[in-house]
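Below is one structure, written out as structure tokens, with a few remarks after it.
The values are calculated or read from the model by the stated rules, or taken from the named source; none is laboratory data. Just so it is clear, the model here is predicted, and its values are computed rather than measured. Here Cβ is always computed from backbone atoms with ideal geometry, including for glycine, and neighbour counts include all displayed protein chains. Only protein heavy atoms, including side chains, enter the accessible area calculation; ligands, DNA and RNA are left aside. Shrake-Rupley method; radii C 1.70, N 1.55, O 1.52, S 1.80 Å.
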Amino acid sequence: MARGFAEVFAGWESFFTLTVMDNRDFGTALDMMRKAFRSGLTRSYTWRRGQLLALLRFLSECKKELSAAVFADLGKSEAETCLTEISFVAGEIRHALRHLRRWMRPACKGVPLHYLFGSAAVYPEPHGVVLIIGAWNYPLQLVLAPLVSALAAGNCAVLKPSESAPHTSALLARLAGIYLDRRAVSVVEGGVDETCALLEYRFDFIFYTGSRSGGREVMLAAARKIVPVALELGGKNPCIIDRDVNLGTAARRIVWAKFLNAGQTCLAPDYLLVHQDVEEGLLRYMYQAVIDFYGSDPALSPDYSRIVNDRHFTRLEQLVHGGNVVFGGQCDRASCYIAPTILRETGESPIMQEEIFGPLLPVLSYETIDQALAFIEERNNPLAVYLFSSCRATKNRVLHETRSGSFCCNDLLFQSAIHSLPFGGSGASGFGRYHGQAGFETFSSSRSVLFKTFFPDPGLRYPPYGPEKFSVLKSIVRFFG
């Protein structure tokens with residue numbers, strides 16, 4: 001298993017400042033977390049609320065340090081880090097605090113008359129000690145947002161930030177223990193070897209965000225121990241542009257969503273399907289939007305991020321050189337800079353064979369909505385489907401004839417920013433939901449509970465079952481069931 005995982009992530013950096021993966025040390029630490037959980041430490045409303053408030057204080061008091069760490073890893077501006085990471089997680093915490101008592105409350109269920117007298121309910125129970133493996137593209141959000149759900153549900157948690165965002169990982173490892181209960185939350189740094197070692201231990205639940213190949217290895221490791229998992233993966237998210245839309249607004253929203261974090265966003269549009277009547281107009285508006293947002297040379301813009309590392313830069317540079325560039329395409333290896341790039345492509349182009357995960361946006365044209373829908377249906381279920389259209393019939397067709405983790409009409413990304421909407425994939429883009437109540441439920445198991453009285457205790461239920469008694473029992477079950 002370790003070899004397979006290492007092969008999948010070959011080339012990932014192993015830079016880390018703190019290693020707690022000595023088998024004996026980590027085994028002891030994990031045993032202590034299990035004892036803390038079994039003691040009931042994490043189950044009370046007071047403890048959960050206290051940990052969520054402590055995490056909120058951590059985000060507020062360490063905002064500058066967190067922004068600096070993310071900038072060092074991704075070149076992401078302070079404004080972008082604040083909006084897409086720190087403020088997002090803070091909003092997730094505040095949403096959980098508002099609703100936590102209600103989420104924790106058992107859900108009462110009706111009891112059939114022939115089971116009286118009794119009461120039935122479903123109790124949300126924490127899994128226990130959970131493992132959260134984060135991703136590098138949003139190194140704070142993709143570790144801390146699942147942690148919010150895990151803490152709200154009453155779990156102990158081991159966090160594994162991505163080694164590809166080493167500054168953020170080191171900061172989390174250094175500061176998390178100052179704010180959060182060390183008996184219940186720990187941070188493990190490291191690379192492939194440390195991740196493999198973690199997966200050799202038995203956790204009660206594993207939450208993974210990353211690539212499909214990595215998710216496959218996590219799932220295999222979990223299957224060996226029969227451990228439930230949630231996988232938040234990626235995919236080629238299509239964006240359909242109908243001919244009846246405001247092209248200027250559509251272009252600005254598409255450019256913003258695609259080139260946020262230099263395209264390193266799992267929910268970003270991966271390719272456009274544009275009605276042939278408006279393709280040229282949309283390209284002109286998108287070109288202008290890039291200039292409006294980032295200037296004539298985006299390399300000089302303080303609001304444009306960089307590619308995370310040399311390995312990903314090389315992969316994206318090859319796609320640029322193998323594509324039909326309309327505008328953009330400039331690359332600088334020294335600074336890991338790739339310009340916002342629009343390409344004209346076909347379904348057979350190399351760039352259309354894999355998730356891009358970078359600032360490259362292929363544009364394909366279509367004649368009829370049937371063609372666009374058929375093109376999407378031929379591919380794996382994406383994380384999101386986007387549509388720009390003013391036609392109600394088209395909206396309904398795209399919604400009902402595609403499958404994805406989410407659907408968003410006339411905008412992009414914001415479906416994930418609404419804390420009451422579950423976030424997750426479909427099919428090859430993952431399974432399991434989080435954000436808001438969905439996250440609480442993902443990090444909980446539903447326990448069915450029945451309380452009965454000693455009276456009455458009718459003899460009908462007990463053998464021997466003669467023909468008359470059996471006939472009465474069947475009638476009761478049929479009538480009240």
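Numbers at a glance
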item	result
Checking Thr81 against (1) closer than 30 Å to Ala197 by Cα; (2) part of a helix (DSSP H, G or I), the condition it does not meet	(1)
Conditions (1) surrounded by fewer than 24 Cβ atoms within 10 Å (Cβ to Cβ); (2) more than 27 Å from Glu61 (Cα to Cα); (3) touching a residue at least 40 places away in the same chain (Cβ under 8 Å); number of the one not met by Leu116	(3)
Residues that are among the hydrophobic types (A, V, I, L, M, F, W, C) and either touching a Cys at 6+ places or on another chain (Cβ under 6 Å) or crowded, with 23+ Cβ neighbours inside 10 Å (or both), drawn from the range 232-253	Leu233, Cys239, Ile240, Ile241, Ala250, Ala251
Considering residues of the range 283-317 that are of a type in the set (Ser, Thr, Tyr) and touching a residue at least 40 places away in the same chain (Cβ under 8 Å) only, the residue nearest to Asn246 (Cα to Cα)	Tyr287
Residues of the range 177-230 satisfying the condition of being within 20 Å of Asn137 (Cα to Cα), among the aliphatic types (A, V, I, L, M) and in contact with a strand residue (DSSP E or B) (Cβ under 9 Å, 6 or more places away or on another chain)	Val187, Val188, Ile206, Val218, Ala230
Residue satisfying all of: in the range 49-66; under 22 Å from the mean Cα position of the chain (by Cα) and open to solvent by 10 Å² or more (accessible area, probe 1.4 Å); nearest to Asp310 (Cα to Cα) among these	Leu56
Filtered residue count, the range 358-379, keeping only those that are closer than 15 Å to Pro269 by Cα and touching a Ser or Thr at 6+ places or on another chain (Cβ under 8 Å)	6
Qualifying positions in the range 366-414 - polar (S, T, N, Q), touching a residue at least 12 places away in the same chain (Cβ under 8 Å) and within 20 Å of Asp242 (Cα to Cα)	Ser389, Ser390, Thr394, Thr402, Ser404, Ser406, Asn410
Where Arg397 falls short, out of the listed (1) under 17 Å from Ala268 (Cα atoms); (2) modelled with pLDDT of 95 or more; (3) open to solvent by 70 Å² or more (accessible area, probe 1.4 Å)	(1)
Val385 vs. criteria open to solvent by 20 Å² or more (accessible area, probe 1.4 Å), touching a Pro at 6+ places or on another chain (Cβ under 8 Å) and either hydrophobic (A, V, I, L, M, F, W, C) or under 23 Å from Ile356 (Cβ atoms) (or both)	no
Subset of the range 334-359 (residues that are outside any loop (DSSP other than H, G, I, E, B) and farther than 21 Å from Glu378 by Cβ)	Ala334, Ser335, Tyr337, Ile338, Thr341, Ile342
